[in-house]
Amino acid sequence: MKRKFVAARADLVEKISELAKKSGRTMFSILNEALDAFIKAKEKNKDLYSVLEEVSIIEIARSAGMIFVPEVAYDSIIGNNNFEDYWKNSGQLFGKYLEINGFKELKDIEKAIKEIIGEDIDITISNNKIVCICPRLMESRLRDIASFLEGVITNFGFNVLGKEISKGIVVMRIKKGGNIARENRKETFSS
Amino acid sequence: MPEKIEKKLLVVRSDILEKLYEIAKRENKTLFALTNEILQDAIKVSEMNKTIGELLNFHNLIKLQKDSGAIIVPSEILLKALKNWNNKEEMIKAWRLAGEWYGKYLIAKLENPLEILPSLFSTSFWHLSEVKMNMKNNDKINISLIAPNTEQILIEITVEYIDGIMSALGFQNTKCDIIRGVAILEFSKKI
């Protein structure tokens, strides 16, 4: 196996050296693993930072008590049950976990929600509106998602002024601040 | 005058370095800058108690799950729905069918699905604290699920789901012991 030299910042090299000592591995193996993983991620049009971000969001969902289920099995057992309140509570809890983990900007919250709800669902969050589009979803599932979104956004101090759900589209009008959001948060966490 | 950055040389595999050099050229970056970025990411990942290789592997497995149509839902809602369901046989059948479909999906997507199964189970069954899989000559497989804090019904549907997957992969269930919080399964290759 041919080897070559590459230059890097001395402080970073020192940190990698510490990591190698702690894990009982050689610097050569840690470095090659990192560079190789970076190349593989690039081949999939990903960068390590976005992979790291996505994995962090998944770990947050896991901590917030969420689990993976096959959609088809979930749909078959959910039947006509109405779980909108539970979805809202769960959204608030997920929002709380996001907040604890430093998520504050709407674009970051939007990204986290997409990661959890599904990449095929188009969600846009702005200061006064949330739009969620997914024509393939049944209305009941869309209602659950809307409740989850409501829970998340309420946690970040927004009030939901109105919610329209029809044929694969959710439009929610929101407004930052006020007492309603705070009361909603209190109510949900005490229930 | 800009502050002088202290540099150090690192030894890497030459094939990896060549690929890295190409990426740097494509992205209009110096090799030095790109190497520093990767090292910084590697250090961030290590703070999550993972290596970059483990991180990418986890990310790929999660992607495989999502691409197969799995969704992330609050476990509380799933449990409520399972408890409300009055036809247990039908519910068990739904999970088994979902497992069978997933097994076929794995055959279609991967060259050797059995190889990836242990890490796939550990990555996707968040409600279990431990999943162990032992293969004996590729003919016999033992799977143990440990989840002392998980409701029995969740373990039961997970067992059915795994049963479905194994059946699609050409194995039949020869033993199934489910005791509180633990499930021990044995599978033999179908003749």
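Taking each residue in B:74-87, count the Cβ atoms of any other chain within 10 Å of its Cβ, then average. What number comes out?
6
Can you list which of the GluC sites (Glu not before Pro) found in region A:51-159 are DSSP loop residues with at most 14 other C-beta atoms within 10 Å?
A:E105, A:E119
Quick one: which residues, 5+ away or cross-chain, put their amide H under 5 Å from the amide H of A:N159? H built at 1.01 Å from N.
The answer is A:K175, A:K176, A:G177.
With a cut-off of 8 Å between alpha carbons and a minimum separation of six or more residues, what is the relative contact order of chain B in percent?
Value for chain B: 18 percent.
Less than 14 Å Cβ to Cβ from A:E14, Lys/Arg counted +1 and Asp/Glu -1: what total charge do the surrounding residues give?
Result for the neighbourhood of A:E14: +3.
Give the aspartates and glutamates whose C-alpha is closer than 13 Å to that of B:K7, dropping any in the same chain fewer than 8 places away, or say none.
In chain and number order, the partners are A:D11, A:E14.
As a check on your grasp of the helix formula, calculate [θ] at 222 nm for chain B: sum -39500 (n - 2.57) over DSSP H runs of n ≥ 4, divide by the residue count, round to the nearest 500. Don't skip to the end; give the middle numbers.
On the way: 7 runs with 107 residues, N = 191.
Calculated mean residue ellipticity at 222 nm is -18500 deg cm²/dmol.
Excluding B:D139 itself, calculate the net charge of residues whose Cβ lies under 13 Å from the Cβ of B:D139, where each Lys or Arg counts +1 and each Asp or Glu counts -1.
Values: positive: B:K136, B:K140, B:K189, B:K190; negative: B:E186.
Here the charged neighbours net out to +3.
Using only atoms on other chains, find how many Cβ atoms lie within 10 Å of each Cβ of peptide A:53-65 and report the average.
Per residue, the average neighbour count from other chains is 3.
Where does the charge balance sit around B:K66 when Lys and Arg score +1, Asp and Glu -1, over other residues with C-beta under 13 Å from its C-beta?
On the way: positive: A:K114, B:K63, B:K109; negative: A:E54, A:E71, A:E115, A:E119, A:D120, B:D67.
That sum, taken over residues with Cβ under 13 Å, equals -3.
Within a 10 angstrom radius of each residue's Cβ in A:25-32, how many Cβ atoms of other chains show up on average? Whole number is fine. Mind showing how you got there, number by number?
On the way: counts 1, 1, 3, 4, 1, 6, 9, 7.
Taking the mean over all residues of the peptide, I get 4.
How tilted is helix B:52-67 with respect to the longest principal axis of chain B? Cα atoms for both, answer in degrees (0 to 90, nearest 10).
Around 50 degrees separate the two axes.
Please give me, ordered by residue number, the trypsin sites (Lys or Arg not before Pro) of region A:57-129 that lie in loop per DSSP and have at most 11 other Cβ atoms within 10 Å.
A:K104
Taking 0.36 nm per residue of sequence separation and subtracting the Cα-Cα distance, how much length would be gained by fully extending the chain between B:N86 and B:K109, in nm to one decimal?
4.7 nm
Would you mind computing, in nm to one decimal, how far apart the modelled labels at A:S17 and B:D177 are, each placed 7 Å from Cα along Cα→Cβ?
So the label points at A:S17 and B:D177 sit 5.3 nm apart.
Students often forget the sequence filter, so: which aspartates and glutamates lie under 15 Å Cα-Cα from A:K15 once same-chain residues fewer than 8 apart are removed?
Qualifying aspartates and glutamates at Cα under 15 Å: B:E6, B:E37, B:D41, B:E47.
Rank-order B:172-183, A:165-176 by packing density, defined as the average count of other C-beta atoms within 10 Å over each peptide's residues, highest first.
Answer by packing, highest mean first, reads A:165-176, B:172-183.
In deg cm²/dmol and to the nearest 500, what is the mean residue ellipticity at 222 nm of chain A if only DSSP H runs of at least 4 residues count, each as -39500 (n - 2.57), divided by the residue total?
So the calculated ellipticity at 222 nm is -19000 deg cm²/dmol.
Quick check on the exposure proxy: order A:S90, B:S75, B:S167 from fewest to most C-beta atoms within 10 angstrom. Before the final figure, lay out each step's value.
On the way: A:S90 26, B:S75 21, B:S167 18.
Least crowded to most crowded, the residues run B:S167, B:S75, A:S90.
Over region B:99-191, what is the relative contact order in whole percent, taking alpha-carbon pairs under 8 Å and six or more residues apart?
32 percent
Just need the relative contact order of region A:48-189 here, percent rounded to a whole number, with Cα pairs under 8 Å and 6+ apart. Walk me through the numbers on the way to the answer.
On the way: 190 pairs, mean separation 35.2, N = 142.
It comes to 25 percent, rounded to a whole number.
Go through B:K4/B:K29; A:K42/A:K111; A:K114/B:K25; A:K96/B:K63 and tell me which ones have a Cα-Cα distance over 23 Å in this structure.
In this structure, A:K114/B:K25; A:K96/B:K63 lie more than 23 Å apart at Cα.
Each reported figure results from applying straightforward, stated rules to the coordinates on display, with no laboratory input. Quick caveat, the model's predicted, so the values are computed rather than measured. Cβ: placed from backbone, ideal geometry, glycine included. Neighbour counts: every protein chain shown.
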